[in-house]
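Enquirer: Just passing along the structure, written as C-alpha cells.
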Amino acid sequence: MKKDYKKWMPIKAKINNTRTKSLPVIRAGQIYWVSVGQNIGYEEDGKSDLFTRPALVIKVFGQGGLFLSVPLSTTDKTGLFYYTLHLRGEISTVLLTQIHSYDVARIADARPIGRISGQDLARIRERIKYLVG
C-alpha cells in the first residue's frame, strides 16, 4: 500500500514544536492515544487525523519524558507475539513485537483511556523479555 507521508510530517513537526507544553504524568500499565505516525512496512500506523492508536505504557524512563510502549489492536490475534486483554467488555490485542519508545509529547490526550492490572502488566513484561531473549 502506498502511503502519503506528507500528511504525517506537519503533525510530527507540530508535536515537536509544542514539546514545552504541559506534559502528562504517565505510569506503566496505563493506556493512552499516542500519535505513532505513519510508518514503514509491517510497523503499525496510527489512524485518525493525528495518526493515533491506543498504546500501553510498559515503562517510563527518568522523569517521564520518554516511555516504552506497545500498540493495541481491536483485531483478535493469538500466538507468542500477542497478548489478549479484555478492556471495557471488548477484546484488545497487545502487539508485543511492535514495542517502541516515544516522547511523552506524542500523547494526544493527557487522560488515559484505560489501565490494565498489575498481573497483566507483569505477564506482558515477561513475554517481552522472552521475545527479545
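Enquirer: On the Cα set of the chain, report Rg and Dmax in Å, please.
Expert: 14.6, 41
Enquirer: Against the longest alpha carbon principal axis of the chain, how many degrees, from 0 to 90 and to the nearest 10, is the axis of helix 118-132 turned?
Expert: With rounding to tens, the tilt is 80 degrees.
Enquirer: Quick query: amide H of TYR83 versus all other amide H atoms, modeled in the peptide plane; which residues come in under 5 Å with a sequence gap of 5 or more or a different chain?
Expert: VAL94, LEU96
Enquirer: Okay, next question. Report, to the nearest 10°, how far helix 5-17 tilts away from the longest principal axis of the Cα atoms in the chain, using its own Cα long axis and a range of 0 to 90°.
Expert: Once rounded, one gets 90 degrees.
Enquirer: Then there is this: For every helix of n ≥ 4 consecutive DSSP H residues, a contribution of -39,500 (n - 2.57) applies; sum these over the chain, divide by its total residues, and give [θ] at 222 nm rounded to the nearest 500 deg cm²/dmol.
Expert: Calculated mean residue ellipticity at 222 nm is -7000 deg cm²/dmol.
Enquirer: Moving on. Report, in listed order, any pair from LYS77/LYS129; LYS7/LYS59; LYS12/LYS77 with a Cα-Cα distance greater than 26 Å.
Expert: LYS7/LYS59; LYS12/LYS77
Enquirer: Find how many whole Å separate the alpha carbon centroid of the range 47-120 from the alpha carbon centroid of the range 2-33.
Expert: 14 Å
Enquirer: Would you mind calculating the relative contact order of the chain from Cα pairs under 8 angstrom and at least 6 residues apart, reporting the percent as a whole number?
Expert: 26 percent
Enquirer: Follow-up question, since we're still on this one. What distance in nm separates the simple spin-label points at THR75 and GLN119, each placed 7 Å from Cα in the Cβ direction?
Expert: 3.0 nm
We did not get these values from a lab; they are worked out from the coordinates using the rules stated. In this text the structure is predicted, and so the values were computed from the model without any measurement. When we count neighbours, we look across all protein chains shown, and the Cβ atoms used for this are built from the backbone with ideal geometry, even at glycine.
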